[in-house]
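The block underneath contains the structure these notes are about, expressed in structure tokens.
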Amino acid sequence: MKRRIDQWVPAFHRGDAIGHEARHLRHFFRNQGFLSEIYCLDRDEGLEEESRLFKEFQSGGPEDIVILHFALPSPLSYELMKVPSKRVIIHHNVTSPEFFIGFSQEMVRLASLGKKELRQLAPFVDLGLADSEYNRLELETAGFRRTAVLPLFIDFDRYSRRANPFLLKVYRDGRTNLLFVGRIVPNKKIEDLIKVTFYYKKYISPLVRLIVVGKTTSLPKYYESLVRLIDDFYLQPEEVLFTGHVPDEDLYAYYQLADVFVSLSEHEGFCLPLIESMIYDVPVIAYAAGAVPSTLDGAGILLKEKKVAEIAELIYFLKQNDNLRQKIIQGQRERLARFRSFPRENYLLSLLENLGSK
């Protein structure tokens, strides 16, 4: 009988990095001769054929493997403790609860619960995997006995697809385009990006635009505070653009439009947009928080502190100085090449094969 390697994802979403990774791994496992399914508690409409609901899950034997993608507290954490198969988690990080104070008491509760569940899982899990060294250290601190870094699986082929030509035409209008991609939540510190945009407009050039790509509905109270800040700074709609969640062809266009990718986020478990920026040769300026230094791995421009004026001036200097820009891009290409050459699938398979019998 074929061995099983099943994956559990609390919420299976379209366009989500965890969802992309789960699909990629399932394809790899099946190609290696394993039976493999993705089980979830909830999923986006249209993903019925891509996944199975958790209520359909049937426990396997001691030689089988269950992998839980952990990013949120869920009943799956406690179900994992009970399965007779080998137990593995891939830790995608839980945002620290203090970031949500004043914006959502429910998110404070969920984030705190997520941290607690991670610690509770530790004695029951045979292998704790993390997509960055930052996350691996968090697993170690939580008490996991065996840990390893498994860099995020990325489908690089998808980034060669067609970008939205309408957006490319509309936003190539002479403005300096600052790009950020990520959920609109407090740890991303979008307010700092707005302050940089304001400084750039007032002291450097009025021809500037901040493009923020990501869900605006994740935390309405925080998004509303950003809208008020934009109004306080008298910034216009053409100067700060919140796109909301966008289809892939729009995302690709925004990367191609960007003069620089700027992240002033204060909590990142990996930060996929840094890698995406490298794919599109967009120079990166990023604050050194969480996993950002290890994801950049010497590429881009890493900020040790956040000084609005200096960041704005740096953006202008980077745009004006083609030699510096090309040097940054070359460093990012080298980092991207290292990332792409890592044998992720085979490395994962070797880790799973060495789990030993339960």
- Query: Tell me, in nm to one decimal, what length is gained between GLU49 and ASP231 on full extension, where the rule is 0.36 nm per residue of separation less the Cα-Cα distance?
  - Reply: 61.0 nm
- Farthest toward the dipole's positive end in the chain, which of PHE28, MET107, ALA258, given Cβ charges of +1 (Lys, Arg) and -1 (Asp, Glu) about the Cα centre? PHE28
- Task: Measure out, as a whole number of angstrom, how far apart the alpha-carbon centroids of segment 191-266 and segment 58-94 sit.
- Result: 38
- Message: Tell me the relative contact order for the chain as a rounded percent, counting alpha carbon contacts under 8 Å between residues six or more apart.
- Response: 14
- Query: If you average the sequence gap of Cα pairs under 8 Å that are 6 or more apart and divide by the length of segment 153-273, what percent do you get for the contact order?
  - Reply: 41
- Task: Using R₀ = 22 Å, calculate the FRET efficiency as 1/(1 + (r/R₀)^6) where r is the Cβ-Cβ separation of LEU113 and SER59; round to 0.05.
- Result: 0.30
- Message: Given the -39500 (n - 2.57) contribution per DSSP H run of 4+ residues, what per-residue ellipticity at 222 nm results for the chain, rounded to the nearest 500 deg cm²/dmol?
- Response: -12000 deg cm²/dmol
- Once you put a point 7 Å from the Cα of ARG340 and another 7 Å from the Cα of SER218, both along the Cβ direction, what distance in nm separates them? 2.8
- First check a/c for segment 159-340, with a ≥ b ≥ c the square roots of the eigenvalues of its C-alpha gyration tensor; if it is under 1.5, answer rounded, and if not, answer prolate when a/b is larger than b/c or oblate otherwise. rounded
- How far is it, in nm, from the label point at ARG30 to the one at SER160 when both lie 7 Å from their Cα along the line to the Cβ? 2.2
- Note on the structure: By Cβ neighbour count within 10 Å, fewest first, ASP281, ASP64 rank ASP281, ASP64
- For segment 1-143, what is the relative contact order in percent, using Cα pairs closer than 8 Å and at least 6 residues apart in sequence? 21
- Note on the structure: Filtered pair list for segment 133-263 (Lys only, Cα < 19 Å, 8 or more apart or interchain) has a length of 5
- Using the charge dipole of segment 1-66 (Lys, Arg: +1 at Cβ; Asp, Glu: -1 at Cβ; taken about the Cα centre), state which of HIS13, LEU41, GLN58 has its Cα farthest towards the positive end. GLN58
- Query: Where a ≥ b ≥ c are the square roots of the eigenvalues of the C-alpha gyration tensor, would you call segment 295-345 rounded, which needs a/c under 1.5, or, failing that, prolate if a/b is larger than b/c, or oblate?
  - Reply: oblate
- Task: Over the alpha-carbon set of the chain, divide Rg by the Kirkwood Rh and report the Rg/Rh ratio to two decimals.
- Result: 0.98
- Task: Give, rounded to the nearest 20 debye, the magnitude of the charge dipole that segment 151-298 has about its Cα centre when Lys and Arg contribute +1 at Cβ and Asp and Glu contribute -1 at Cβ.
- Result: 280
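Values quoted throughout were computed directly from the atomic coordinates according to the rules given, and no laboratory measurement underlies them. These numbers were taken from a predicted model, which means no experiment stands behind them. Cβ atoms come from the backbone with ideal geometry, glycine included; neighbour counts cover every protein chain shown.
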